[in-house]
Every structure is written in structure tokens, then in C-alpha cells.
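For reference, the structure discussed in these notes is given below.
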Amino acid sequence: LGPDHPETADVLGSLVTAYAASGEFAQAEPLAQRVVRLREKAAGPDHPATAQSLITFAWLAASQQRYREAADLFKRGLMLQEKHIRNSFPVAEAAHRPALIRSLSGDMFMFLSLIHQHGKGDRDAARDGLELALRRKGALIDAEFLVSDEMRNRLPARARSEWKELDAARGELARLARAKPEKMAREVYREALAALNQRIETTEQRLAGESAVVARALQRKTVTAEDAAKALPENSALVEFVKIREFDFGAGKWKASGRYLAFVLRKSGDVVLADLGDTARLEERVRRVLEDVRGSMKPGDAAPAKKPRGRPTLPRGQRSLEDLYAHLWAPLEPALGSADRILLSPDGLLNLVPFAALRDGQGRSLVERYQLAYLAGGGELAGGEGASSRSGSDLLLVANPAFGKRHAGFAPLPGTERDGQEMAALIGANGAATHVLVGKLATESAVKAAGSPRILHLATHGFFLSDE
């Protein structure tokens, strides 16, 4: 077929894999370079096959201790991957969409392994890792929104027809990217891919100029640490947790263990990477906290037993909260500095951690020291300015609903009504507008009719409908 044929690149790629599997990285690398050139020549610089060949070349460079070069290659390849996700997702079958995004997680973990192992103290490397996490975390939610009816219904009428044309262009690009038509010349194929990529970029930019909804939906794909820092409130910090599998570049294979990493972003724009240690050990501590806190609710474990001398023995739940603090929060404190408002973006089992209840060695809970808020991903900060609807009030508080005969098993909750009155008084004391619904006024229709309150607080029973 000749030295420049795409199928020659496939064979060379198999040789690269074989050499790398046996640790012969020096033999694999020139072949990997050649594969990159062949992919770019045959399909263009934006093709998903080009992206994968760049990532293969990257980990070969890292395996030979050329870490800065490897990082640059990873960045190029991963950006191309993300472009492929955005263009392929709208035309993929709904059942296959989560797998499409998960299939690319390994390459992300490989890059984060490189940063963790060989970029310690390198602020540029930490920034690169954070920006990758900002783009990738929540990617499935973002992508689902972009293909939803809700998205289309929020577009101006003219923009809807353009969005339909954009989907058609993405579908054509995805079809061509999967395989070159047999009778299409390679040069024509490459030109067709380039033209479709340009058409998609141009249409996206035009739609972003016409619709704030589109602009915000597309902004995460290019979000930077600088963008996120600008959106942070004063005296605050973002903590972006990431659970990764760890890659051993010396051996050329995945390690048996994983790690939790945390990227801390300050308002100043500084980024610090904290290593939280082995996945299994940290998750065991999380499980112990969850189990102990539940157990401490039982009679008999409610009060600490006193030692004859010294510090009292803490209830089991409090001990495990202190232990988790030492291993999960204490490593972050040097990077947090004087920030007292912390935006948390957990990952993995950390989504279940009651951060506000973690206790330091002096018995203080985090909620006594910090204002804590949660995000699905730090990328939510992008495009946040001006994104919220006009608020009907600063607080809508719904408490102690009268369930009536339909849900007779649910008794009144008078404590929640008192809670609501006190909270409304506290917030209203600063001149904020509050609206409180209790008893028979606390209805589903009243909540749905509310006009985008800044804070919505529901104090009520929770229950599941068995048929749903």
C-alpha cells in the first residue's frame, strides 16, 4: 500500500504498542513520531486518530523522562479529544453517550499522573491539570444539556434553525471521522474534514453572539484557570478534587492503586496541587465516617465517656471526623491561606463526605471556620456572571407543609417552621427580601410559581414513590 497509507499507520501503531509493552521505548518512539505524521497527513490535525497518536507519543516521551515535552503533547492530544466529544456527542445514541465520555478517562488520568509524579512545585503544570479537570468534570452533564429540548426551547427562534444546521454539520463530521468513504481521495477527505470543522467553529461563534444560553453552554470547552479565578468571590478558593487511576511511566503500565488529587485555586489565580494519597485508604476513612456518624445516632453512643485524666474520649463518629480531617482537609490548608469561603467540587466517594462536620484537633468543625458551597465541577464558574435570572427574593423558605390525607403517614414538623422563622429573621435583618411558606401555604404549585429566589430552602419530609 505504500509508506504513507493510513493502513500502514495502523500497522506501525501496533508495533509501537508491542515495543512499549516490552519496555523498548527507544524503538517505539520513532515509529510513534511517524504515526503522528501519517495521521496528520491522511486525516488532518484535528482528527481523533491524530489525537490518539499524539497521546501515545506523549507517554513514550514521559517514559524516557522528557516530561515537559510529554506534557505539551498530552495537552494537544487531549484538546483534540474534547473537540471530538463535542462533535460526536449530539449524533451518538443516548445509551452510548456516557460510554463515549468514559472511554477517554484513561488518557486524562495518564496526564494527571504525569503532573502528580513529575510536576510537583511546577505551577504551570498544576494550572494545566486544573484546566483539564475544569473542562472534563461535568462534561457529560454539559453535553446532555446541549442536545436537550430544554436547550432548544431557550433559544431565540432564529437561533433554533442555526442550531439544527450545527447538529447536521456535527453529524456529517462524525460520520466522516469514523471512516473515509472508499471512493473518496485522501486529499479530498482531509479537505472535507477541515471544511466541516471550520463551519462548526464559525456557527458556534455566531450562535454565541446571538444567545447568552449558547455562549454559557459553550464556554466550558475553553475555560481557563484565569476565567475561574475571576468568577471566584472575594477571599475565597476553589477546591477541585479528582480521583485518578495512576500510570507508571517507567514500567509503561497502570498501577494497581489510584490517588485522590486536589487542585486549589485562589482568587489571585495561583494554583496549588495537593496529593491526598491512596484511593483505597482515603475511601476507607470516608466509609468509616459515614458508618460512625450513623452509629452515633443510636442510644448509648450519644455522649463521650470521660477518661479519669486528660482529654475526654470522643464518641466514635467524632473521632473518625477528626481522622478524616487530618487526611483530607489538613493537606489543603497551606494552599487555602486566609480564604474563608470555600467552593468544593468533590469526586468519587468524596461526594458523600459531610465536609462541614469535619473536626480539627481543637474540636472545631469546618462550618465554624468556613463558608462552604458545592459545585458539580469548577467549570460551573465559567460564564456565571450575569447568568442568573432576576430574583423574586433573596430567600424563599418552605417549611412544615400540611400533607393532608394523601400522605397521612407524615406528621407535622413544627421544628422546621420555627427554623424557617428564625432563618428568615436573620437574613431579613440585613435588608434582604424573604418569603416564607408554611403549613397549607407550603404547596408544590407555590414553589413552582416562585420567581428564581437566590436561596431556596426546603424544610420538610422526604419520601419515595414506590412506582417511580
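The values are calculated or read from the model by the stated rules, or taken from the named source; none is laboratory data. These numbers were taken from a predicted model, which means no experiment stands behind them. For neighbour counting, all protein chains shown are included, and Cβ atoms are generated from backbone atoms with ideal geometry for every residue, glycine included. For accessibility, only protein heavy atoms count, side chains too; no ligands or nucleic acids. Shrake-Rupley method; radii C 1.70, N 1.55, O 1.52, S 1.80 Å.
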For residue 41, counting only aspartates and glutamates whose alpha-carbon sits under 12 Å away and dropping same-chain residues fewer than eight positions off, the answer is 4, 187, 191
Out of 411, 452, 33 - ranked by how far each Cα lies towards the positive end of the dipole of the chain, with unit charges on the beta-carbon of charged residues - the top one is 411
Sorted by chain and then number, the residues having a modelled amide H within less than 5 Å of the amide H of residue 359, at least 5 places away or on another chain, are 322, 325
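Could you look at region 330-454 and say what percent of its accessible area is carbon and sulfur, using a 1.4 Å probe and all protein chains? Write out the running numbers ahead of the final one.
Numbers: 3720 of 7130 Å².
C and S fraction of accessible area: 52 percent.
Please report the net charge: other residues with Cβ closer than 9 Å to the Cβ of residue 233, K and R +1, D and E -1.
Values: positive: 267, 341; negative: 234.
Within the 9 Å Cβ shell, the charges total +1.
Hey, which of these cross-link pairs are over 24 Å Cα-Cα: 83/253; 83/267; 120/243; 267/448; 75/120?
Check vs 24 Å cut-off fails for 83/253; 83/267; 267/448.
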For the chain, the charge dipole (Cβ of Lys, Arg +1; Cβ of Asp, Glu -1; about the Cα centre) points to a positive end, and the Cα of 57, 126, 432 closest to that extreme belongs to 432
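Sort largest first and round to whole Å: the equivalent ellipsoid semi-axes of region 328-468, each the square root of five times a Cα gyration tensor eigenvalue. Walk me through the intermediate numbers first.
Details: eigenvalues 197, 82, 62 Å².
So the equivalent ellipsoid measures 31, 20, 18 Å along its semi-axes.
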Along the dipole axis of the chain (charges at Cβ: +1 for Lys and Arg, -1 for Asp and Glu; origin at the Cα centre), the most positive-end residue among 355, 269, 321 is 321
For residue 254, the residues 5 or more places away or on another chain with a placed amide H closer than 5 Å to its own amide H are 248
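If you put +1 on each Lys and Arg Cβ and -1 on each Asp and Glu Cβ, how big is the dipole of region 92-225 around its Cα centre, in Debye rounded to 20? Write down the numbers at each step before the final one.
On the way: 25 positive and 20 negative charges, 15 e Å.
The dipole magnitude comes to about 80 debye.
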The distance between the Cα centres of region 407-427 and region 1-76, in whole Å, is 62
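Using a 1.4 angstrom probe on heavy atoms only, work out the carbon and sulfur share of the accessible area of region 201-249 in %. Walk me through the numbers on the way to the answer.
On the way: 910 of 1910 Å².
Of the solvent-accessible surface of region 201-249, carbon and sulfur hold 48 percent.
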Over the chain, with neighbouring protein chains present, the accessible area per residue in Å² at probe 1.4 Å is 53
With +1 at each Lys and Arg Cβ and -1 at each Asp and Glu Cβ, the charge dipole magnitude of the chain around its Cα centre, to the nearest 20 debye, comes out at 700
Ratio for region 13-58, C-alpha Rg to 2.2 N^0.38 Å, reads 1.09
Treating every alpha carbon of the chain as one equal point scatterer without solvent, the Debye formula yields log10 I(q)/I(0) values at q = 0.11, 0.13 Å⁻¹ of -1.09, -1.36
Counting only protein heavy atoms with a 1.4 Å probe and every protein chain in place, the carbon and sulfur fraction of the accessible surface of region 71-158 in whole percent equals 54
